[in-house]
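Everything below concerns the one structure shown next.
The values are calculated or read from the model by the stated rules, or taken from the named source; none is laboratory data. No experiment lies behind these values; they were computed from the predicted model shown. When we count neighbours, we look across all protein chains shown, and the Cβ atoms used for this are built from the backbone with ideal geometry, even at glycine. Quick note on the areas: whole protein, heavy atoms, side chains included, nothing else; ligands and nucleic acids left out. Shrake-Rupley method; radii C 1.70, N 1.55, O 1.52, S 1.80 Å.
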Amino acid sequence: VIRTHDPHVLEYVAAAEVPEAPVSLPPDMVHVVIPPCRWAVFSHRGPTATLDHTVNYVYACWLLQSGEAHAYHPDLEVYDQRFDAGSPDSIVDYAIPLAD
């Protein structure tokens, strides 16, 4: 977990979904609640080293042209069975929360 209170610094949290909030956590872990909202999901194909190309497209092109607004909740990178770090056909979904 990289945590900071500087609004100019990205916070990255590796996470797993849990059915309910844990009673206690180890000192280096955090519990994050993702509020329900609409999501725009973009599939990135290729190595994660080029995921920034997909993110740049989402923010520099799609979001500006879509008429949608970011909900200011966390963005998500979703790694599922389609992810294969060694494959050029690996897929990661990048999701941004949309305002109602």
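Worth pointing out:
- Taking the Cα centre of the chain as reference, the dipole from Cβ charges on Lys and Arg (+1) and Asp and Glu (-1) amounts to some 120 debye.
- A Förster distance of 25 Å, applied to the separation of the beta-carbon atoms of Val18 and Ala99, puts the FRET efficiency at 0.45.
- Average accessible surface area per residue within the chain, 1.4 Å rolling probe, Å²: 75
- Whole-percent carbon and sulfur share, accessible surface of the chain, 1.4 Å: 57
- Per-residue ellipticity at 222 nm from helix content only, as computed over the chain with -39500 (n - 2.57) for each DSSP H run of at least four residues, stands at -2500 deg cm²/dmol.
- Each residue of the chain gets 138 Å³ once the volume of the Cα convex hull is shared out per residue.
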